[in-house]
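Working notes, beginning with the structure itself.
All of the numbers you see were taken from the coordinates with simple rules; none came from a lab. It should be emphasised that the depicted structure is a prediction, and the values quoted were computed from it without experimental measurement. Positions of Cβ are generated from backbone atoms using ideal geometry, with glycine treated the same way; all protein chains shown enter the neighbour counts.
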Amino acid sequence: MAIISRGFHGRPRVPEGRLPPGQYETRDFPVLSAGPTPRISTDRWEFTITTESGARHSWNWDQLMALPTEQPTVDLHCVTKWSKFGTDWQGVSLDVLFEDVETAADYALVHSYGGYTTNLPLEDLLDGKAWIAYRYEGEELAPEHGGPARLLVPHLYLWKSAKWVRGIQLLLQDEPGFWESVGYHNYGDPWREQRYQGD
Ligand SMILES: Nc1nc2c(c(=O)[nH]1)N[C@H]1C(S)=C(S)[C@@H](COP(=O)(O)O)O[C@H]1N2
Ligand SMILES: [Mo]
């Protein structure tokens, strides 16, 4: 019987507990977009939170830049099974943007320039769990990766991190977004491997 010492064979192993089930680590940063890359200049860029009663809270680019920023370092998990560890971002916490928003809604539908949408519970955007990110690894966020600004919600599969984000619509009742309406899981927790409906 062969004695196999796992410590000395194969690829270096990922630190225990860092890779969700069914994922592999990559060092690349693949681009996954369902359509063409919209080009939005920061002069025209606007981000709006709309409440269930129709109240609108908007920020232009200069107003976004004037808000306090954070520099989260996070692991990314894509439903196509790649994970990327320790990515460095800069952006504004959604807690800052929601400070003056009064709502009784439990659900959020995120809208992007170009028409992409994705839904998630409002609580998954709050308490330090999500950002409007506009810098990646010390540089302006590239258009292919969602520049000038994207949503970053790293505790859910990456399809929830809407690129070219333009607004968040608050809803009393949940509504599926683009991938959620064609069979992706409604919530998308990588640690529970919620890839598709029924998982
Ligand atoms: N607007 C928009 N956001 C999007 C997508 C998209 O097609 N359009 N794709 C999603 C998917 S499926 C993934 S995996 C990630 C990919 O981000 P990346 O291209 O920066 O790796 O963006 C998500 N956000
Ligand atoms: Mo994805």
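Things worth noting here:
- Net charge dipole size for the chain [Lys, Arg +1 and Asp, Glu -1 on Cβ; Debye, nearest 20]: 960 debye
- Taking GluC sites (Glu not before Pro) across the range 128-194, the ones in a DSSP loop with at most 11 further Cβ atoms lying within 10 angstrom of their Cβ are Glu137.
- Report note on the peptides 184-190, 99-105: ranked by the mean count of other C-beta atoms within 10 Å, highest first, their order is 184-190, 99-105.
- Dipole axis of the chain (+1 Lys, Arg; -1 Asp, Glu on Cβ), positive-most option in Tyr187, Tyr116, Phe29: Phe29
- Gain in span if fully extended, Leu172 to Glu52, counting 0.36 nm per residue against the direct Cα distance: 42.5 nm
- Were the residues from Glu25 through Arg39 laid out at 0.36 nm apart, the gain over their Cα-Cα distance would be 2.0 nm.
- Per-pair calculated FRET efficiency, R0 = 22 Å: Ala142 and Asp199 via Cβ, rounded to 0.05: 0.10
- Viscosity 0.692 mPa s, temperature 37 °C, Stokes-Einstein D of the range 42-192 from Kirkwood C-alpha radius, µm²/s: 213 µm²/s
- Extended-chain gain in nm, criterion 0.36 nm per residue less alpha-carbon gap, Asp88 and Thr73: 5.0 nm
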